[in-house]
1. Could you list 106, 160 in order of exposure, starting from the residue whose Cβ has the fewest other Cβ atoms within 10 Å?
2. In what order do 53, 30, 115 fall by count of nearby beta-carbon atoms within 10 Å, going from fewest to most?
3. Fewest Cβ neighbours within 10 Å first, please rank 131, 101, 162 accordingly.
4. Where does region 92-195 land on the Kirkwood hydrodynamic radius, alpha-carbon pairs, in angstrom?
5. Please work out the Cα center distance from region 98-164 to region 36-90, rounded to the nearest Å.
């Protein structure tokens, strides 16, 4: 994704929550593409960023990581931030219509201790932009998951993003089938049992 602090316009933004360390991309709803294109992530408060995932019963996230890769010329740097559970139910109200009887929604936030590190990445990007250097920023979200039991025939996941305080979550990917839409290595049967 091109980050507005680096290059305008923000043509396409992709943030993927990948269950079981999955990195396959899925189609992003058109309405979400528009929302992402209008979002100035260079001005977004990192402490307000929220990620959520709807997982079918039988799957549970274990560790969720935000990976940010900054590329300027041939130089490429990656930083990882382990996300914490979002424990304020009021922040999840915009997902009420997304709840289904066959799935659970889990939500995550950047740990407060990591916000300064994330701000430093943004300042680094701004410094490159001030020097006229073009670059890109890729944001990926990966999750290690475990199985709590048998999985449904269709193992569908949906991911969501929230970029501002008081804002709503919006879908990034919708109903990605882990049995059909991902590499064999990430098939649901290969996800370890929770222990």
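A short reminder: the numbers here are calculations on the coordinates, not readings from a lab. Here the structure is a predicted model, which means the values were calculated and not measured. Quick reminder, even Gly has a Cβ in these numbers, built from the backbone with ideal geometry, and neighbours come from all protein chains shown.
1. Ranked by crowding around the Cβ, least crowded first: 106, 160.
2. Values: 53 25, 30 8, 115 17.
Least to most surrounded, the residues fall as 30, 115, 53.
3. Details: 131 8, 101 5, 162 22.
In increasing order of surrounding Cβ atoms, one gets 101, 131, 162.
4. Numbers: mean 1/r = 0.0587 Å⁻¹.
Hydrodynamic radius (Kirkwood, Cα pairs) of region 92-195 is 17.0 Å.
5. 2
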